[in-house]
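Below: one structure, written as C-alpha cells.
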Amino acid sequence: MDGFGCSPWMLGASDYADALRQAEESDVALIADPASCGPTPWDPKLQAAFDHHRLIIHEEFVLDAVLTRFGRAGR
C-alpha cells in the first residue's frame, strides 16, 4: 500500500462495523467525531461507513479481537 510494503490490517469497513456492533451489544457509549476520517484508499467503504456513523473506536476497545486474529494468523 505504501513505499514500505505495508498495508493496514483490521482497518476495513467490516472491522469498523464489527466494532460498532460489539459496542452496541456491550452497552459501550462511543464518542462522535464531527470531522471526516479522510481518504481510506485501502478500503474506500471505510470512509463512507465512518462518515455515516462518525463514532470513534479506540484501539483498546478492539484489543482482544486484534490479539485473537493475530494469534490465528500466526498458525
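Through the Karplus equation 6.51 cos²θ - 1.76 cosθ + 1.60, θ set to phi - 60°, convert the phi angles of segment 24-32 into ³J(HN,Hα) values in whole Hz; use x for Gly and Pro.
So the Karplus estimates, Gly and Pro as x, are 5, 5, 9, 6, 9, 7, 9, 8, 7 Hz.
Could the peptides 49-57, 34-42 be put in order, highest first, of the mean number of other beta-carbon atoms found within 10 Å of their residues?
Details: 49-57: 15.8, 34-42: 10.8.
Highest mean packing first, the order is 49-57, 34-42.
With viscosity set to 0.692 mPa s and temperature to 37 °C, compute the Stokes-Einstein D of the chain, Rh being the Kirkwood radius across alpha carbon pairs; µm²/s, no decimals.
243 µm²/s
What's the ranking of 13-24, 62-73 by average number of surrounding C-beta atoms within 10 Å, highest first?
13-24, 62-73
With a ≥ b ≥ c the root eigenvalues of the C-alpha gyration tensor of segment 18-62, is it rounded (a/c under 1.5), prolate (a/b larger than b/c) or oblate?
Prolate, because a/c is 1.5 or more and a/b exceeds b/c.
Read the figures in this text as sums done on the coordinates, not as results from a lab. Note that the coordinates shown come from a computational prediction; the quantities given were computed from them, not determined experimentally. A quick note on method: Cβ atoms are made from the backbone with ideal geometry, for glycine too, and the neighbour counts reach across all protein chains shown.
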